[in-house]
1. Test Arg135 against the stated conditions and say whether it is without any contact (Cβ under 8 Å) to a residue 24 or more places away in the chain and either buried (at least 19 other Cβ atoms within 10 Å of the Cβ) or of a type in the set (Lys, Arg) (or both).
2. Assuming Ser2 fulfils every condition listed in (1) touching a helix residue (DSSP H, G or I) at 6+ places or on another chain (Cβ under 7 Å); (2) free of Cβ contacts under 8 Å to residues at least 40 places away in the same chain; (3) over 28 Å from Asp130 (Cα atoms) apart from one, which condition is it?
3. Please work out which one of (1) under 16 Å from the mean Cα position of the chain (by Cα); (2) exposed (fewer than 14 other Cβ atoms within 10 Å of the Cβ) is the condition Val65 fails and give its number.
4. Select from the stretch 12-21 the residues that are at pLDDT 95 or above and not in a strand (DSSP E or B) and list them in ascending order.
5. Quick one: Ser95 ticks every box in (1) over 21 Å from Ala148 (Cα atoms); (2) of a type outside the set (Asp, Glu); (3) touching a His at 6+ places or on another chain (Cβ under 9 Å) except a single one, so which number is it?
6. If a residue must be free of Cβ contacts under 8 Å to residues at least 12 places away in the same chain and under 18 Å from Cys70 (Cα atoms), how many such residues does the stretch 6-34 contain?
7. When only residues in the stretch 138-152 that are among the small types (Gly, Ala, Ser) and either in contact with a Phe, Trp or Tyr (Cβ under 9 Å, 6 or more places away or on another chain) or in a loop (DSSP other than H, G, I, E, B) (or both) count, which is surrounded by the fewest Cβ atoms within 10 Å (Cβ to Cβ)?
8. Among the residues of the stretch 71-82, is any under 14 Å from the mean Cα position of the chain (by Cα), loosely packed, with under 13 Cβ neighbours inside 10 Å and modelled with pLDDT under 95?
Amino acid sequence: MSRPIAQARSAYTIFYPISTRWLDNDVYGHVNNVVYYGWFDTAVNRFLIEQGGLDIHAGDFMGLVVESQCNYFASLAYPQEVQAGLRVAHVGHSSVRYEVALFAVHSTDPSAGADALCAASGHLVHVYVDRLTRRPVALPAPLLSALAKLRC
């Protein structure tokens, strides 16, 4: 197995801002590893709600995380701004593999940009299911259309 390497911003399609919170830090003075997974989930679901037609309250389908993974390359800490880069690596019949990278922002000026290489990267795999039966469903057309924007 090859060793993971930090990914470049150019490898991701869409970016979402994230503000670290006081409670994100652990006793070692950096963001605790479990928080990164929350940021991954937030970035993916924000995209789905805004562009993929996902209705988290009353929709007929929903995505369940069946796999997740993260590699860490540099520390993030409070107070710090972060950008989550998002892309799609694979689209199946009822599943999607989303890849997310977190980039440190070192300035309060949004035009200053973020680091060229990510502090962490990983993935989530969603299986889309019927809300009532929890059985896998084919990806709906509006979702497929939105996912096309994220293909790498």
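1. Details: without any contact (Cβ under 8 Å) to a residue 24 or more places away in the chain: yes; either buried (at least 19 other Cβ atoms within 10 Å of the Cβ) or of a type in the set (Lys, Arg) (or both): yes.
Spelling it out, Arg135 is indeed without any contact (Cβ under 8 Å) to a residue 24 or more places away in the chain and either buried (at least 19 other Cβ atoms within 10 Å of the Cβ) or of a type in the set (Lys, Arg) (or both).
2. Single failed check for Ser2: (1).
3. Every condition holds for Val65 apart from (2).
4. Tyr12, Thr20, Arg21, listed by residue number.
5. Failing condition for Ser95: (1).
6. Residues meeting the conditions: 3.
7. Per the stated criteria, the residue is Ala138.
8. no
The values are calculated or read from the model by the stated rules, or taken from the named source; none is laboratory data. This one's a predicted model, so the numbers in the text were calculated from it and none came from an experiment. Don't worry about glycine lacking a Cβ; one is built from the backbone with ideal geometry, like all the others, and counts go over all protein chains shown.
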